[in-house]
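Have a look at the structure below, then the notes.
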Amino acid sequence: MSEQGARGEGRDEKHGERGGERGDWWAQLYDATASDTGRTRAPDTLDDRFASVTHTLAPRGGNGDAPREEPAMDGPAPVEPARGEPAEGEPARGEPVPECLDPALPEPPQAPQDLEDPEEDGVIPLADPAGLSELVAEVALDGGRHGGLTLRAASLRGAGAKRAGTLRGDALLTARFGTGEGALLLVAVAVGAHGGPGAHRAAREACHSIGSAVGRSHARLAEDIRAGRRGALKSGLHRLTDRTFGKLRAQAAALGLEPEQYTADLCCLLLPADPRCQTRIFFGIGAGGLFRLRDGRWHDIEPQASQGESGGPVVGFGAGPAPVAGPGPEPATNLAPTPPEDPRAQAAAARDGFTAEPPAPARAESFRFRASVARPGDALMVCSPGFAVPLREERSFAGSLAARWMARSHPPGLAAYLADIRTPLKGHDLDRTAVTVWEAAGHGNAGAERSAPDRSALLPHRRTEKAGDA
């Protein structure tokens, strides 16, 4: 303080009045009795005042901080690199910059590998501006619950159609009619004639036609299934199927095509929502597949076209004991239902095929029908030839699929199910459609099903089944 004050007095003598003003200013700055001019009432310290003066007198562009001295370094001063030369430790111009190998830093996440086959992306089919409704998605996926059942359905374009740039010829329909325990679920899988014009259109028309007919008569069909009236179901569904293919023949004539050019193979399932009824109905015409996964093994239960049974009642929910063979024909009630009293209901039944008249064949292939009784944990699959053929011929594929599904405590999700259905198999490049229905872990009528009599005389079998296996 004294030295600075002396300096202030010297400047006062040298610069006259101006120097005196500066001396007074410095004296006021360091005067302990000077009042504070800041915003707070607390007095400033000496350090606060020095920092304020330094900030005020700092040159423009400065940060106001006191200059810091660089720490002394032992040894010679570092040599600046020549202009254009890289500094020590830096890569030369044109050399790649090495990746950071610091183990403390996490490794960069790797991009997920593409697990799809490069050939999976096929040629997009050609579109007609005037017929955009004819386009078919490459993949159709569906699923949900129906009573105690869990359904998964997938339909996808095969490798052959992808290479050719043609539309998916398989069609898929899942439709629920009615509510509550009287509801009925229809699953329809159709395959258009290979190589025929408008094959995809014929397959969709077959699904929609059979769906409309079943929907109009769903209450009667559900009642026949619960009551176990197998004869009535077979004759009525035969009539419905024939009418569906009759419409296809009429459409083929309108298009100027032969009947075999505009047709389809049709496979259907009827599934009641009543948890006390375990009867499952399969019917259709043409190629396809019906499989059941039980106790880790696949059973090919598709009925043969040559198995033309007159049909008795289904042994299961709603049916009495198996009929005893005796002289004389079966009662008429086992062959056809009693006509309804309502005239409008009679007209609808006649239109949809529920009459006692024997049905006429609609095409060379015979009508196929099967009624089976499900057990807890069963998985019932109906599929197109594109999936049925590899499931029959590729034992390793069938075994791995069964192992994956049996290892699960619940049915696979939609994405997992689609991945299973689209598993690439060499030599099998047709369109694939598969619908699988999983039974719940327990049935209300499971005990009755176990104690039911032998059904080998009532339900058709394939040679891959054991006697009495329904």
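Among the residues of the range 208-225, are any open to solvent by less than 10 Å² (accessible area, probe 1.4 Å) and without any contact (Cβ under 8 Å) to a residue 40 or more places away in the chain?
Yes, there is a match, as at least one residue in the range 208-225 is open to solvent by less than 10 Å² (accessible area, probe 1.4 Å) and without any contact (Cβ under 8 Å) to a residue 40 or more places away in the chain.
Quick check: anything in the range 141-155 modelled with pLDDT of 95 or more, surrounded by fewer than 18 Cβ atoms within 10 Å (Cβ to Cβ) and among the basic types (Lys, Arg)?
no
Quick check on Gly196: is it out of contact with any Ser or Thr (no Cβ under 8 Å at 6 or more places or on another chain), farther than 29 Å from Ala374 by Cα and outside any helix (DSSP H, G or I)?
Considered against the rule, which asks whether it is out of contact with any Ser or Thr (no Cβ under 8 Å at 6 or more places or on another chain), farther than 29 Å from Ala374 by Cα and outside any helix (DSSP H, G or I), Gly196 comes out as no.
So Pro376 fits all but one of (1) more than 21 Å from the chain's Cα centre (by Cα); (2) over 25 Å from Gln278 (Cβ atoms); (3) open to solvent by 40 Å² or more (accessible area, probe 1.4 Å); what number is the exception?
(2)
Listed residues Gly195, Gly169; which is modelled with pLDDT under 95 and on the phi > 0 side of the Ramachandran plot? Please lay out each step first, then the result.
Values: Gly169 fails: on the phi > 0 side of the Ramachandran plot.
Unique residue meeting the criteria: Gly195.
Does Thr174 satisfy the criteria of being out of contact with any helix residue (DSSP H, G or I) (no Cβ under 7 Å at 6 or more places or on another chain), in contact (Cβ under 8 Å) with a residue 12 or more places away in the chain and among the hydroxyl-bearing types (Ser, Thr, Tyr)?
Yes: the conditions hold for Thr174.
Only one of these is out of contact with any His (no Cβ under 7 Å at 6 or more places or on another chain), within 24 Å of Pro303 (Cβ to Cβ) and at pLDDT 95 or above: Arg455, Arg432, Arg395, Arg463. Name it.
Step by step, each of Arg455, Arg432, Arg395, Arg463 is checked, and only Arg432 is out of contact with any His (no Cβ under 7 Å at 6 or more places or on another chain), within 24 Å of Pro303 (Cβ to Cβ) and at pLDDT 95 or above.
Got a number for residues in the range 395-415 being within 27 Å of Asp121 (Cα to Cα) and open to solvent by less than 30 Å² (accessible area, probe 1.4 Å)?
Counting residues in the range 395-415 that are within 27 Å of Asp121 (Cα to Cα) and open to solvent by less than 30 Å² (accessible area, probe 1.4 Å) gives 4.
Based on what the data block shows, is Ala190 open to solvent by less than 10 Å² (accessible area, probe 1.4 Å), not in a strand (DSSP E or B) and not polar (S, T, N, Q)?
It is false that Ala190 is open to solvent by less than 10 Å² (accessible area, probe 1.4 Å), not in a strand (DSSP E or B) and not polar (S, T, N, Q).
Which one of Asp224, Asp274, Asp295, Asp242 is at positive phi and either at pLDDT 95 or above or out of contact with any Phe, Trp or Tyr (no Cβ under 6 Å at 6 or more places or on another chain) (or both)?
On inspection, the qualifying residue turns out to be Asp295.
Go through (1) among the small types (Gly, Ala, Ser); (2) open to solvent by 10 Å² or more (accessible area, probe 1.4 Å); (3) touching a helix residue (DSSP H, G or I) at 6+ places or on another chain (Cβ under 8 Å) and name the single condition Ala183 misses.
Going through (1) among the small types (Gly, Ala, Ser); (2) open to solvent by 10 Å² or more (accessible area, probe 1.4 Å); (3) touching a helix residue (DSSP H, G or I) at 6+ places or on another chain (Cβ under 8 Å) one by one, Ala183 breaks only (2).
When the range 226-238 is examined, which residues are found to be within 25 Å of Thr433 (Cβ to Cβ) and open to solvent by 20 Å² or more (accessible area, probe 1.4 Å)?
Lys234, His238
The values are calculated or read from the model by the stated rules, or taken from the named source; none is laboratory data. Worth saying up front: this structure is predicted, and the values here are computed from it rather than measured. So basically every Cβ, Gly included, is an ideal-geometry build from the backbone, and we count neighbours across all protein chains shown. Surface areas here come from the heavy atoms of the whole protein model, side chains and all, with no ligands, DNA or RNA. Shrake-Rupley method; radii C 1.70, N 1.55, O 1.52, S 1.80 Å.
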